[in-house]
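Novice: What follows is a single structure, and I will ask about it in a moment.
The values are calculated or read from the model by the stated rules, or taken from the named source; none is laboratory data. For clarity, every value in this text was computed on a predicted model and none was experimentally measured. As a convention, Cβ positions derive from the backbone with ideal geometry for all residues, glycine included, and neighbour counts pool all protein chains shown.
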Amino acid sequence: MLPLLVLFLFQFLLSACGLQPVSVQAALQSPATDDYASRIFTPVSSRLLRSVCIAATVNGSTTTYVVSSSGNRRVGWMGMGFGSQMANTPMVIMWLNSDGSVTLSQRSATRLVMPTVDSDPPRVASFSSGASVLTGSTMSFAFTIPSNSDTRQSVIYALGTTTPSSSAVDAPIVQHIDAGTLSLDLTKQVSTSTTTSSGSSPTSTGTPGSGTGTGSGSTSIPLRPHQKVIVAHAVFCTVGFLLFLPAGVFVARFMRTFVPSWFQGHWILQWGIAGPTILIGIILGIVGVGQAGASHLDDNHKRWGIALFILYLVQCAFGAAVHFIKKQNRTRRPPQNYAHAILGLAVIGLAFYQVRSGYHEEWPLTTGRDPLPSGIDVLFWIWVALLPLAYAAGLVFLPKQYRQEQEAVKVRRQDDEGNFNLKQTSYQQSRR
């Protein structure tokens, strides 16, 4: 089952440029004019991308953007940015104050940290009260900004449930709970035959998953360079930790009672093949984080990843010590042998946790994209079930292994006794 998972991930990597990880629903609304275009994009099929809808209306030299909530989250603040990732993207963040006023704050961030006020933004935005809806469960914040030459725009968006403590443009904001990326096609002409269900401007009534116009479609955002690196990181680490390491374990578990040279295959898989594969995966992860402008070791997945890599190195060194440093007069299996086996199983168990947290939590949370298809999860859990069952099947060889070890002890004793008698005879002859 894991080979299927690996194949799926490799296909994901190879077809990255054509992948469609983010689905959007488009609705064409409101009367059309020669230079008037509007498109509403609504993400669907994602637990992280269902709280925000964005509408863009181009009218000559200005463009009006409306950021609307779907009503399934409390709105503390909402915002969007002109780019495909958070780092170095101009953002417009808005929130409703207790006195009924709205704060519009233009910000930016060099990496994945709280954005700070941009005193000189590329384009100055102004709040549009007429296109905003400040009451009800589906709140909307609108702003107008000078148009640029883009016909297709990649934008990011976010929603936080905690309202900033003041109306100041530089007020601290609590981290978003929902975030994502969208691609806006500003060349689409709006329909002349439809309006919104309430008869108002199309930019104030869009809700996730339910377009009210006549047209619909989907689009996708190609993977960014750093996201492709992260996909490669996932493939290498998954293959190294969940394919090569278990293969080395099974060589030790199944072959040691039949093939005297089992250790050679064990260490080649565990160190010679898995080692470089895992190392490449770790390096790619570090490079991907750096390219994204994010912080290293700032969340559990990154910290556990480094800890797991260190634990793997410790396990390899421990295994070498167990194999090469032995008491010649031992009569039973030493405790360190059991400790090595238990630690090895713990490394693989932690690797399962780490792999799933990577594709199930870290990927959608840090990229804003949809989680991977459910088929990946199915294959993952099948592999989780199969590995312990296969290892348990290998335990039937334990009695044979123990008998072989006891026989080896007897042979060593006989050899030692024979050598002792030979030495004693030689000593007696030398005294005559």
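Novice: Could you grab me the full set of residues in the stretch 362-395 that are of a type in the set (Phe, Trp, Tyr) and either in contact (Cβ under 8 Å) with a residue 40 or more places away in the chain or crowded, with 16+ Cβ neighbours inside 10 Å (or both)?
Specialist: Passing the criteria: Trp363, Phe380, Trp383, Tyr391.
Novice: So the check is Cβ under 8 Å with 6+ separation or different chains; which pairs have a first residue in the stretch 326-349 that's touching a residue at least 24 places away in the same chain (Cβ under 8 Å) and within 30 Å of Trp304 (Cα to Cα) and a second one that's of a type in the set (Gly, Ala, Ser) and assigned to a helix (DSSP H, G or I)?
Specialist: His340/Gly319; Gly344/Gly319
Results for (1) more than 23 Å from Tyr391 (Cβ to Cβ); (2) touching a Ser or Thr at 6+ places or on another chain (Cβ under 8 Å), shown as yes or no for each residue.
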site: Val251; (1), (2): no, no
site: Arg256; (1), (2): no, no
site: Gly265; (1), (2): no, no
site: Ala292; (1), (2): yes, yes
site: Gly305; (1), (2): yes, no
site: Arg330; (1), (2): yes, no
site: Arg333; (1), (2): no, no
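Novice: Related question: Go through the stretch 239-305 and tell me which helices (runs of 4 or more DSSP H), entirely inside it, have 1 or more residues that are within 22 Å of Leu345 (Cα to Cα) and among the aromatic types (Phe, Trp, Tyr).
Specialist: By residue number, 245-255, 262-267.
Novice: Mind listing just one residue for me: the one in the stretch 150-175 that is among the small types (Gly, Ala, Ser) and not in a loop (DSSP other than H, G, I, E, B) and, of those, surrounded by the fewest Cβ atoms within 10 Å (Cβ to Cβ)?
Specialist: So the residue we want is Ser154.
Novice: Within the bounds of the stretch 148-162, is there any residue that is of a type in the set (Gly, Ala, Ser), touching a Ser or Thr at 6+ places or on another chain (Cβ under 7 Å) and over 26 Å from Ser61 (Cα atoms)? Quick ask: steps written out before the conclusion?
Specialist: Of the residues in the stretch 148-162, the ones of a type in the set (Gly, Ala, Ser) are 149, 154, 158, 160.
Still in the running and touching a Ser or Thr at 6+ places or on another chain (Cβ under 7 Å): 154.
Checking the rest, the ones that are also over 26 Å from Ser61 (Cα atoms) come to none.
Taking every residue of the stretch 148-162 in turn, none turns out to be of a type in the set (Gly, Ala, Ser), touching a Ser or Thr at 6+ places or on another chain (Cβ under 7 Å) and over 26 Å from Ser61 (Cα atoms).
Novice: Follow-up question, since we're still on this one. Filter the stretch 230-283 down to residues that are of a type in the set (Ser, Thr, Tyr) and over 23 Å from Ala408 (Cβ atoms) and give me whichever is surrounded by the most Cβ atoms within 10 Å (Cβ to Cβ). Walk me through how you get there before you give the answer.
Specialist: Pass one, the stretch 230-283, residues of a type in the set (Ser, Thr, Tyr): 238, 257, 261, 277.
From the residues that got through so far, the ones that are over 23 Å from Ala408 (Cβ atoms) too are 238, 277.
Details: Thr238: 23, Thr277: 19.
Ranking the candidates gives Thr238 first.
Novice: So for the stretch 312-319 (the condition being within 30 Å of Asn88 (Cβ to Cβ), assigned by TED's automatic domain parsing to the domain that holds Thr238 and surrounded by 15 or more Cβ atoms within 10 Å (Cβ to Cβ)), does at least one residue qualify?
Specialist: For the stretch 312-319, residues within 30 Å of Asn88 (Cβ to Cβ), assigned by TED's automatic domain parsing to the domain that holds Thr238 and surrounded by 15 or more Cβ atoms within 10 Å (Cβ to Cβ): absent.
Novice: List pairs: first residue in the stretch 295-307 and within 16 Å of Met86 (Cβ to Cβ), second residue of a type in the set (Asp, Glu) and outside any helix (DSSP H, G or I) anywhere in the structure, Cβ distance under 8 angstrom, at least six positions apart or on different chains.
Specialist: none
Novice: Can we say Gly160 is in contact with a Phe, Trp or Tyr (Cβ under 6 Å, 6 or more places away or on another chain), modelled with pLDDT of 50 or more and not aliphatic (A, V, I, L, M)?
Specialist: On the way: in contact with a Phe, Trp or Tyr (Cβ under 6 Å, 6 or more places away or on another chain): yes; modelled with pLDDT of 50 or more: yes; not aliphatic (A, V, I, L, M): yes.
The answer is yes for Gly160.
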